[in-house]
Structures are given as C-alpha cells and as structure tokens.
Amino acid sequence: SIRLQTTVADAISSRVGLTAALCGIAFVIALVVAIPLGVRSAVRAGGASDRTASALAVVGLSAPTFAVGLLLLYVFAYYLPVFPVYGAGSGGLDTLWHLVLPAITLALGLGAIILKLTRTAMLRELEADYVTSARARGLSERSVQRIALRNAAIPIVTGASLVLTFLVGGTVLAETTFALPGL
C-alpha cells in the first residue's frame, strides 16, 4: 500500500482481526435474537407477536446500515452515554465494548433475514404430517416444537451461512460509521 508505506498483506493482516471479530459478534447476536423470535412468530402465526416480529423484520431489511448506526450512535453514545462514540478501544474487553454498537447495527439486517428464514421453515414444519402425528400421540406442544425446530434447522443453518458471506461486505459501512480501523 502506497498510503500506509507497507505491503498489502501486512496492511490487511493487521486489520482483518477487528473485522472478523465484528462479523462474529454480529452473527452471534443475530442468531441469538432472530431464531427465538422466528420460532415464536411461527408458533403464534397471525398473532400479535407474529405481526410485531414481521414489522421488525421489515424495518431490519429496509433500514440502511449507516442510518441504523447513526441512530444507535445518537441514542446510546450521545443522548444516553453508555457506549463509546468511535474507535476500537485499547484491546481486550475495551475492544469488545467498542464493538457492541457496530455489531448491533450489523445484526439488525442479518437478524431480519434469519428471522424470516426461521419463521418460514418452522411454519412449513409445523404443517407437516409428522407434527400432526406427534400431536395425536399426545406429545406436549413444547416437544412438538422442539422436533419441528430440529427439522427446520437445516434450511436455517444453510440460509444463515449464506447470509454470513454478505455480512463481511456490510461491515465496511459500519466500520466507517463507527470509525473502526477494520478492512
């Protein structure tokens, strides 16, 4: 790199760790929030929680990353000064603390996709014949949902892993918005 006066490999290797950490944290947040919301949305299809989850998914898919980032910065770094405004911190837990808002920013869009995938897969499984059979045998609704989720996990994992590849491209906007020294 001419600007950094170093080789491109060195420039990338010094910054890839932060980007990978940001992607990993955002992916975990998206999975932990979106899968339970998607399951609840499918189990209560047509109800208030389903409509709320669908509205959140639409917002998550529609909102641009930089706008979400700026909104989160304003609310949680300026108005309620809970999180740092910019930078990557000094390492360790400080860096993790600096990555929370950017990770939430990225997780919103990713979580919306995973929520819709989970809801669709669970609805398909809950309408399957084996679920009707399990209910007829007297299994509890929680057991039936667990069995359905196990079978719905295949498209969820496949879709989530495909979406993960696009997450790396989305980190550019989040890193720019939060002044992170990533890729």
Can you find, within the stretch 135-183, the residue that is surrounded by the fewest Cβ atoms within 10 Å (Cβ to Cβ) among those that are among the small types (Gly, Ala, Ser) and touching an Asp or Glu at 6+ places or on another chain (Cβ under 9 Å)? 182
Being at pLDDT below 85 and either within 22 Å of residue 158 (Cα to Cα) or outside any helix (DSSP H, G or I) (or both): is that true of residue 33 here? no
Enumerate the helices (runs of 4 or more DSSP H) found wholly within the stretch 75-183, keeping only those where 1 or more residues are hydroxyl-bearing (Ser, Thr, Tyr) and within 23 Å of residue 12 (Cβ to Cβ). 93-126, 141-177
What residue, among those in the stretch 72-112 that are polar (S, T, N, Q) and modelled with pLDDT under 85, is farthest from the chain's Cα centre (by Cα)? 90
Of 142, 119, the only residue that is of a type in the set (Lys, Arg) and in contact with a Ser or Thr (Cβ under 6 Å, 6 or more places away or on another chain) is 119
Give the residues of the stretch 36-48 that are under 18 Å from residue 141 (Cα atoms), of a type outside the set (Lys, Arg) and part of a helix (DSSP H, G or I), sorted by residue number. 36, 37, 38, 39, 41, 42, 43
Report the residue count in the stretch 55-80 for those that are polar (S, T, N, Q) and surrounded by fewer than 16 Cβ atoms within 10 Å (Cβ to Cβ). 1
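The values are calculated or read from the model by the stated rules, or taken from the named source; none is laboratory data. These figures come from a predicted structure and were not determined experimentally. Every residue, glycine among them, receives a Cβ derived from its backbone with ideal geometry; neighbour counts consider all protein chains shown.
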